[in-house]
Structures are given as C-alpha cells and as structure tokens.
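Asks: I am attaching a structure below and will ask some questions about it afterwards.
None of the figures in this text is laboratory data; all of them are computed from the coordinates on show. What you see is a predicted model, and the numbers here were worked out from it, not measured in a lab. Every residue, glycine as well, gets a Cβ built from its backbone with ideal geometry; the counts of neighbours run over all protein chains shown.
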Amino acid sequence: MLARGTKGSVLVDRCQICGSPDLMEIISLGHIPQVNVMQPIGSRLQEETIFPAELLKCNQCSLVQIGHIVDPELVFPPTYSYVSRTTKILRENFAELADEVIPMLNLTSNDLVADIGSNDGTLLSNFKNKCQVLGVEPTNAAKYANENGIPTIQQFFNVNTVKEYILPRKASVITAANVFAHIEDVHSIVDAIKLALDTNGVFISENHYLVGLLKTVQYDTIYHEHLRYLSLTSLKYLFDMHDMEIFHAKYIPTHGGSIRVYAALKGTREIMPSVAAILEEEKAALTNEAFAKFKAHVVASKTALYHNGQEWGWRSGAHKIGAIGAPSRAATLVSYIGLNEDLLEFVLEAPGSQKIGHYMPGTKIPILEETPELLSSMDVLLLLSWHIADELMPKIRAKGFKGKFITPLPYPRKLDG
Ligand SMILES: [Zn+2]
C-alpha cells in the first residue's frame, strides 16, 4: 500500500483486489465527514477533516471500491462512537446461519467454529452448545463476550494472531460477518484464514451486497469505513487468487440486503448451482448501464427528498420535522443531501446511545434521547435507519409518536406506519 499523505488518506489508483489501474468512477458524493466523529452539543465547532467519497469500479476484476482510503486511526478514533446494538434482524440472521451450517457441514462437538470480528459473541452463541467456539475481536466487546461464556481473543485477526493464539488447532468453520469490506489489506486476511482453516474447512463471509445497494439506491452506505462494495463476481476473483473457491452463496436480509458466501480450498467441495445462478444474475445487474442508472437514481432521490421537505416546510414551516436514528450511514445521507440544523430540529436516538449529546457530523443538528414528550411533539420524523423501518416504526409509535414517517430511500415516501 502507498505511503499515506499528510492529509490522512491514500488515493486509490490501483484496484484493492487485483492491482489494476483501470478504475472507472461510478459516482462522487462530494466530500463527506468521518461518520463517527462527533462534537459535543454546546461546544463551538472544532475543525473537522472531510474526505472525497468517490465510488470506483475496477474494469479488470469488477470490484467496486471507495476512491480514498482514510487512515484507520482517523476512521476509528479513541472516541469512536459506534455501539453494537444488535437488531432483531441481525440476531435472527445469525441463528439462521447456525441452523443452516451445522447440518450442512455435519458439525459435531469436536469441530471448532471461529468468528473474525466477533464483537460481543452474538454469532458464536448460536454454535456454542453444539461445537467449540472461538472469537477474535480487537475491541473491548471481547471482554463482554468472555464474561458471557464465549472464549474470545482480544486481537486483530491476522497471520500473527493465528500463529500465536489459534494454532495448532485448526478451524472447521471460520465466519466473518461484515469484516471483508472494512480491512485495508484483504489479501493478508485471506492468508490468515487459510492458515487457521482445516484442509476440509469452510470459510463463510457475510457482506453488504452491491446488487442490492444499486437496486435500492443505498448511497448512504458509502463512507470511509467501507473500502469495498462486494459482489460474488469480485469475491470469486479474490478467492481465485488464493486457490480457494466459492461453493455456495445466498441472499440474506441484513443491513438492507447482504450476501452469504461459502468458500473452501479449491477442489474440496462440490460446487452448488447457487454460485453459477448468482454469477449469471450479476452479469445482467452489474453493467456499466446499471451503474449509470444508479447515479441517476441517487440524484433523483436526493432532489425528491429536498423538494418534499420544502413542501412540508422543513423546520421553519408549519410542521415540526425531526429525524430518528443516527447510524453511521445517516451521516452520509445528511451530508450529501445538505441537511442541517435549520432544516431538521434534531435526531433522536434510543436511550443508552453514546451518540446522544453530540451533533451530527458536519452539522449542528443535535442528537437527543428519544422521550415520549419529544416524540409526541413531532409532526414528521425522517427515518434515517430506513433499512429497518418495519422493526422501528411500531416501537416509535408505541412510545407516543402520532405524526408521519418519511423513509428517505430508495425514494422518499410518507408512511402512516
Ligand atoms: Zn480489480
């Protein structure tokens, strides 16, 4: 990887998977702030670093990727405010994963299942009583997992960690949910996986899915924590480079549309029809025309939201308009649409969120705790966690909100919910 400039980011001029310089721009969202760096309410705003958010496509291996890789110390500062509030859809997905994998691979109590970026151990808890489990997690979530009976190594997952803490044991299954898009050197992760995996072992990754991103106009998932936007086609290219092959893949509903991919050493597993079927679908879904259409949809969605907001008068008009939920992706949407404290009264977060008491990145929109009083005073709430709207709306209603919901994507919609 290139040396980082003084400004804290590396310009991506070679594909992150295949190294080709043949990169095509799909869309630029302008400069966006770091989505998890937030300043306290009441403070005078300090300077913030913003970075270009360009989406590029490699014409060699078809990987879609961010155009600037920001220094991880800037992206994940000590004050990093992400809290893993596991949603119902995520919990259900991990339970379904175990139900699928244990019989498919005939796992028994002798088999080791290791999870990369295991967080608080939610995924592994579904395997715990049937197999041996081991988490690898660099953050303090590892402590919580250990306290709750999920053995977890508090380290980054890499070749050294595998040598020091896992070998000579070998894993029958290694899982990685939403890890592949975040780590700078993807090849070193695959090397470490191969080292830890039994010869007949299986690597299962779950990633936010590029085709779904395009179809449902999820430009809000473009920010600097996400270095790569994966398809089966680009993953196949990656695994090919490492003598591995994908033998099964399926769509799953997490994060607004994801894909679960099963890979193993070449020649060790029978390849299921799902692989060819999805690769074929991607040929039609990931054309240059489709990328151009995506860009047009993003622009149309942005202007529609702005115009609908004009109609309702934004904050200054007859209606009281706020927003609900401040996930990382909300910062991209707020920045790209150009929302600020003159348009939105506040963003509400559930009690316990570490984001409460801060401003949305790049603005002075305050993030406040959702209370029945605040909720019942609002006419319109913009659902920034629109991808879990079905789960969220009944909860907000139950807490006293009587107005209209707006989901901003794919296109702005007013819902009674
Ligand atoms: Zn490439």
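Asks: What is the P(r) of the stretch 100-152, as percent of Cα-Cα pairs per 5 Å bin from 0?
Replies: The percentages, shortest bin first, are 4, 24, 32, 20, 13, 6, 1.
Asks: I'd like the antiparallel share, as a percent to the nearest 5, of DSSP beta bridges with both residues in the stretch 289-399. If you can, show how the numbers build up before the last one.
Replies: Values: 1 of 10 bridges.
Counting only bridges with both partners in the stretch 289-399, antiparallel ones make up about 10 percent.
Asks: As I understand it, the value is the acute angle between the Cα axis of helix 273-285 and the longest principal axis of the Cα atoms of the chain; what does it come to in degrees, rounded to 10?
Replies: Here the helix axis deviates by roughly 40 degrees.
Asks: Using only Cα atoms and rounding to the nearest 10 degrees, what angle (0 to 90) does helix 186-196 make with the longest principal axis of the chain?
Replies: Helix 186-196 sits roughly 40 degrees off the main axis of the chain.
Asks: Next question, about the same structure. For the stretch 256-349, which GluC sites (Glu not before Pro) pass both filters: DSSP loop (anything but H, G, I, E, B) and at most 13 other C-beta atoms within 10 Å? Present the calculation step by step, with values, prior to reporting the outcome.
Replies: On the way: sites: GLU270, GLU280, GLU281, GLU282, GLU289, GLU311, GLU341, GLU345, GLU349; in loops: GLU270, GLU341, GLU345.
In loop regions of the stretch 256-349 (DSSP not H, G, I, E or B), the sparsely surrounded GluC sites (Glu not before Pro) are GLU270.
Asks: Straight-line reach only, C-alpha to C-alpha below 13 angstrom: list the aspartates and glutamates that LYS128 could link to, leaving out same-chain residues fewer than 8 apart.
Replies: ASP99, ASP111, ASP115
Asks: Still on this structure, I have one more. For the chain, just give the cysteines left without a disulfide-compatible partner, judged by no other Cys Cβ under 4.7 Å.
Replies: Cys with no partner Cβ under 4.7 Å: CYS131.
Asks: Find the eigenvalues of the gyration tensor of the Cα atoms of the chain, then list the square roots of 5 times those eigenvalues as equivalent ellipsoid semi-axes, largest first, in whole angstrom.
Replies: Numbers: eigenvalues 260, 121, 89 Å².
The equivalent ellipsoid of the chain has semi-axes of 36, 25, 21 Å.
Asks: Going down the table (LYS295/LYS404; LYS57/LYS215; LYS215/LYS283; LYS320/LYS395; LYS130/LYS236; LYS170/LYS266), which pairs top 24 Å between alpha carbons? Walk me through the intermediate numbers first.
Replies: Values: LYS295/LYS404 28 Å; LYS57/LYS215 16 Å; LYS215/LYS283 14 Å; LYS320/LYS395 20 Å; LYS130/LYS236 31 Å; LYS170/LYS266 18 Å.
From the list (LYS295/LYS404; LYS57/LYS215; LYS215/LYS283; LYS320/LYS395; LYS130/LYS236; LYS170/LYS266), the Cα-Cα distance tops 24 Å for LYS295/LYS404; LYS130/LYS236.
Asks: Highest mean first, how do 381-389, 182-190 rank when packing is the count of other Cβ atoms within 10 Å averaged over residues?
Replies: Numbers: 381-389: 23.4, 182-190: 16.6.
Top of the packing list down: 381-389, 182-190.
Asks: How far, in nm, would the chain grow between GLU280 and MET241 when pulled straight, counting 0.36 nm per residue and subtracting the alpha carbon separation? Before the final figure, lay out the partial values.
Replies: On the way: separation 39, 0.36 × 39 = 14.04 nm, distance 2.07 nm.
Separation in residues times 0.36 nm, less the Cα-Cα distance, equals 12.0 nm.
Asks: Based on the mean of other Cβ atoms within 10 Å per residue, sort peptides 247-258, 55-66 so the most packed one is first.
Replies: On the way: 247-258: 19.1, 55-66: 21.3.
Those peptides, ordered most packed to least, come out 55-66, 247-258.
Asks: Per-residue HN-Hα couplings for the stretch 245-253, Karplus 6.51 cos²θ - 1.76 cosθ + 1.60 at θ = phi - 60°, whole Hz, x for Gly and Pro?
Replies: Along the stretch 245-253, the couplings run 9, 7, 10, 7, 8, 8, 7, 9, x Hz.
Asks: Here is a follow-up. Tell me, what does the Kirkwood hydrodynamic radius of the stretch 101-202 come to in angstroms if you use every pair of distinct C-alpha atoms?
Replies: Numbers: mean 1/r = 0.0742 Å⁻¹.
Evaluated on the stretch 101-202, it is 13.5 Å.
Asks: Taking H as built 1.01 Å from N, whose amide H comes closer than 5 Å to the amide H of HIS358, not counting residues under 5 places away?
Replies: Amide H to amide H, under 5 Å and 5 or more residues apart or across chains, HIS358 pairs with ILE41, ILE367.
Asks: Moving on. With N denoting the number of residues in the stretch 38-137, provide Rg(C-alpha) divided by 2.2 N^0.38 Å, to two decimal places. Don't jump to the answer; show the numbers that get you there.
Replies: On the way: Rg = 19.8 Å, N = 100, 2.2 N^0.38 = 12.7 Å.
Dividing the Cα radius of gyration by 2.2 N^0.38 Å gives 1.56.
Asks: May I ask you to compute the full-extension gain from VAL10 to ALA95, defined as 0.36 nm times their residue separation minus their alpha-carbon distance, rounded to one decimal in nm? Each step should come with its number before you reach the end.
Replies: Working: separation 85, 0.36 × 85 = 30.60 nm, distance 3.83 nm.
Roughly 26.8 nm would be gained on extension.
Asks: Short version: ³J(HN,Hα) in whole Hz for each residue of the stretch 151-159, in order, from phi by Karplus 6.51 cos²θ - 1.76 cosθ + 1.60 (θ = phi - 60°), x for Gly and Pro, what are they?
Replies: x, 9, 8, 8, 8, 6, 7, 7, 4
Asks: Stick to the Cα atoms of the stretch 315-417, pair each with every other, and give me the Kirkwood hydrodynamic radius in Å at one decimal.
Replies: 13.4
Asks: Mind checking the log10 I(q)/I(0) for the stretch 248-340 at q = 0.19, 0.21, 0.25 Å⁻¹? Debye, one equal scatterer per Cα, no solvent, two decimals.
Replies: -1.04, -1.14, -1.29
Asks: Once the Cα atoms of helix 328-337 and of the chain are each reduced to a long axis, what angle between those two axes, in degrees from 0 to 90 to the nearest 10, is obtained?
Replies: For 328-337 against the chain, the angle is about 50 degrees.
Asks: Taking the Cα of LEU195, stepping 7 Å toward and past its beta carbon, and measuring to each backbone N in the stretch 160-180: which are under 11 Å?
Replies: 160-167
Asks: Moving on to the next point. Take every Cα pair under 8 Å in the chain that's 6+ residues apart, average their separations, divide by the length, and report that relative contact order as a whole percent.
Replies: Numbers: 808 pairs, mean separation 58.4, N = 417.
Relative contact order here is 14 percent.
Asks: How large is the charge dipole for the chain, taken about the Cα centre, if only the Cβ atoms of Lys, Arg (+1) and Asp, Glu (-1) carry charge, to the nearest 20 debye?
Replies: Numbers: 38 positive and 45 negative charges, 104 e Å.
For this selection, approximately 500 debye.
Asks: Also: In the chain, with Lys and Arg counted as +1 and Asp and Glu as -1 at Cβ, which of these residues, ILE271, SER205, SER335, has the Cα nearest the positive end of the dipole, that is, farthest along it?
Replies: SER335
Asks: Return the distance in nm (one decimal) between the two label points of a simple spin-label model at ALA290 and ASP390, each offset 7 Å from Cα along Cα→Cβ.
Replies: Result: 2.3 nm between the two label points.
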